[in-house]
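Novice: Have a look at the structure that comes next, please.
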Amino acid sequence: MEKFRLRRDDSVLMIIDLQERLMQAMKERERVYKNTNLLLATAREYDIPVVLSEQYPKGLGPTVNEIKDNLTSYHYLDKTCFSLCKQEANTILDKIGKHTIIVTGSETHVCVFQTVRDLLESGFNVHLVRDAVCSRFDENYRNALALMRDMGAVITNTETVVFDLLQEAGTSAFKHISPLIK
């Protein structure tokens, strides 16, 4: 059951390709922005490292302002491969030294799927946040979630991740994060 437990001292938040031109085509983009920002606030509260990628930013543009404005410290990957783990991500993750990766981003069935597959093959514990990922088409989104679950990823949601990291009410972290959930 350890696979399903999130530990603050062993987690990384990975944000995959939430870029201007790509996100314009996503009908669920506002939901993804809101949930990714809640995860970012939680990561900041607990000093959870953040890895951010951009797929071919020259063509797809930079990370959207809705996310960029809430980034403080993060590891950046400019990529052309669909999977993050085909480039420097493994080097960055080795340096960070954590084993659980919380994944958000787009598109669910392309860059997110291929990255999750590679993370699992590399032995990472992956928590895919279903309400913080998106695809242009629902069928692609649903198919990718099923594939990733079958491969061994934990398919979860933003509030489950946040409350698992918080662990208890009444703390200063809870008082800071709980108003953001409403």
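Novice: Answer yes or no as to whether V129 is assigned to a strand (DSSP E or B), open to solvent by less than 30 Å² (accessible area, probe 1.4 Å), of a type in the set (A, V, I, L, M, F, W, C) and touching a residue at least 24 places away in the same chain (Cβ under 8 Å).
Specialist: On the way: assigned to a strand (DSSP E or B): yes; open to solvent by less than 30 Å² (accessible area, probe 1.4 Å): yes; of a type in the set (A, V, I, L, M, F, W, C): yes; touching a residue at least 24 places away in the same chain (Cβ under 8 Å): yes.
It is true that V129 is assigned to a strand (DSSP E or B), open to solvent by less than 30 Å² (accessible area, probe 1.4 Å), of a type in the set (A, V, I, L, M, F, W, C) and touching a residue at least 24 places away in the same chain (Cβ under 8 Å).
Novice: Give me the pairs: first residue in the stretch 30-41 and part of a helix (DSSP H, G or I), second residue among the basic types (K, R) and at pLDDT 95 or above, beta-carbon distance under 9 Å, and six or more apart or on different chains, which are they?
Specialist: Nothing qualifies.
Novice: Any residue at all in the stretch 169-179 that's open to solvent by less than 10 Å² (accessible area, probe 1.4 Å) and of a type outside the set (A, V, I, L, M)?
Specialist: No, the stretch 169-179 contains no residue that is open to solvent by less than 10 Å² (accessible area, probe 1.4 Å) and of a type outside the set (A, V, I, L, M).
Novice: Another one. Could you grab me the full set of residues in the stretch 156-168 that are open to solvent by 30 Å² or more (accessible area, probe 1.4 Å) and within 17 Å of the chain's Cα centre (by Cα)? If you could, list the steps in order and put the result at the bottom.
Specialist: Here is the first cut: in the stretch 156-168, the residues open to solvent by 30 Å² or more (accessible area, probe 1.4 Å) are 157, 159-160, 163-164, 167-168.
Those that are open to solvent by 30 Å² or more (accessible area, probe 1.4 Å) and within 17 Å of the chain's Cα centre (by Cα): N157, E159, T160, F163, D164.
Novice: Mind listing just one residue for me: the one in the stretch 69-125 that is among the acidic types (D, E) and either assigned to a helix (DSSP H, G or I) or open to solvent by less than 30 Å² (accessible area, probe 1.4 Å) (or both) and, of those, nearest to R21 (Cα to Cα)? Steps first, please.
Specialist: Let us first name the residues in the stretch 69-125 that are among the acidic types (D, E), namely 69, 78, 88, 94, 107, 118, 121.
Still in the list and also either assigned to a helix (DSSP H, G or I) or open to solvent by less than 30 Å² (accessible area, probe 1.4 Å) (or both): 94, 107, 118, 121.
On the way: D94: 31, E107: 12, D118: 25, E121: 30 Å.
If we take residues in the stretch 69-125 being among the acidic types (D, E) and either assigned to a helix (DSSP H, G or I) or open to solvent by less than 30 Å² (accessible area, probe 1.4 Å) (or both), then E107 is nearest to R21 (Cα to Cα).
Novice: Further question on the same structure: If I ask for residues that are assigned to a helix (DSSP H, G or I), buried (at least 17 other Cβ atoms within 10 Å of the Cβ), touching a Phe, Trp or Tyr at 6+ places or on another chain (Cβ under 8 Å) and not small (G, A, S), which ones from the stretch 134-155 would you list? Before the answer, list the steps.
Specialist: From the stretch 134-155, those assigned to a helix (DSSP H, G or I) are 138-151; that's our starting set.
Still in the running and buried (at least 17 other Cβ atoms within 10 Å of the Cβ): 141, 144-145, 148.
Those left that are additionally touching a Phe, Trp or Tyr at 6+ places or on another chain (Cβ under 8 Å): 144, 148.
Selection gives M148 alone.
Novice: Something else: Where the second residue is not in a helix (DSSP H, G or I) and the first is among the acidic types (D, E) and lies in the stretch 150-178, which pairs have Cβ atoms under 7 Å and are six or more apart or on separate chains?
Specialist: Cβ pairs passing all conditions: D164/L6.
Novice: While we're looking at this one, here's another question. Report whether or not M14 is closer than 16 Å to H99 by Cβ, hydrophobic (A, V, I, L, M, F, W, C) and modelled with pLDDT under 95. Step through it out loud before you land on a result.
Specialist: Numbers: closer than 16 Å to H99 by Cβ: yes; hydrophobic (A, V, I, L, M, F, W, C): yes; modelled with pLDDT under 95: no.
For M14, the condition - closer than 16 Å to H99 by Cβ, hydrophobic (A, V, I, L, M, F, W, C) and modelled with pLDDT under 95 - is not met.
Novice: Take the residues of the stretch 1-29 that are aliphatic (A, V, I, L, M) and in a helix (DSSP H, G or I): which is farthest from R130 (Cα to Cα)?
Specialist: Residues of the stretch 1-29 that are aliphatic (A, V, I, L, M), as a first pass: 1, 6, 12-16, 18, 22-23, 25-26.
After this cut, where a residue has to be in a helix (DSSP H, G or I) as well, the list is 22-23.
Values: L22: 18, M23: 16 Å.
Going through the qualifying residues, I end up with L22.
Novice: Sticking with this structure for a sec: For the stretch 70-126, which residues satisfy the criterion of being over 21 Å from K3 (Cα atoms), in contact (Cβ under 8 Å) with a residue 24 or more places away in the chain and of a type in the set (D, E, K, R)?
Specialist: D78, K79, K86, E107
Novice: Another question, if that's okay. In the stretch 28-53, which residue that is charged (D, E, K, R) and closer than 15 Å to S73 by Cβ is most open to solvent (accessible area, probe 1.4 Å)?
Specialist: Pass one, the stretch 28-53, residues charged (D, E, K, R): 28-31, 34, 44-45, 47.
Keeping just the survivors that are closer than 15 Å to S73 by Cβ gives 44-45, 47.
Details: R44: 99, E45: 63, D47: 132 Å².
This residue is D47.
The values are calculated or read from the model by the stated rules, or taken from the named source; none is laboratory data. Everything quoted here is computed from the prediction, not taken from an experiment. Note that each Cβ is placed from the backbone with ideal geometry, even for glycine, and that neighbours are counted across all protein chains shown. To get the accessible areas, we keep the full protein, side chains included, count just its heavy atoms, and leave off ligands, DNA and RNA. Shrake-Rupley method; radii C 1.70, N 1.55, O 1.52, S 1.80 Å.
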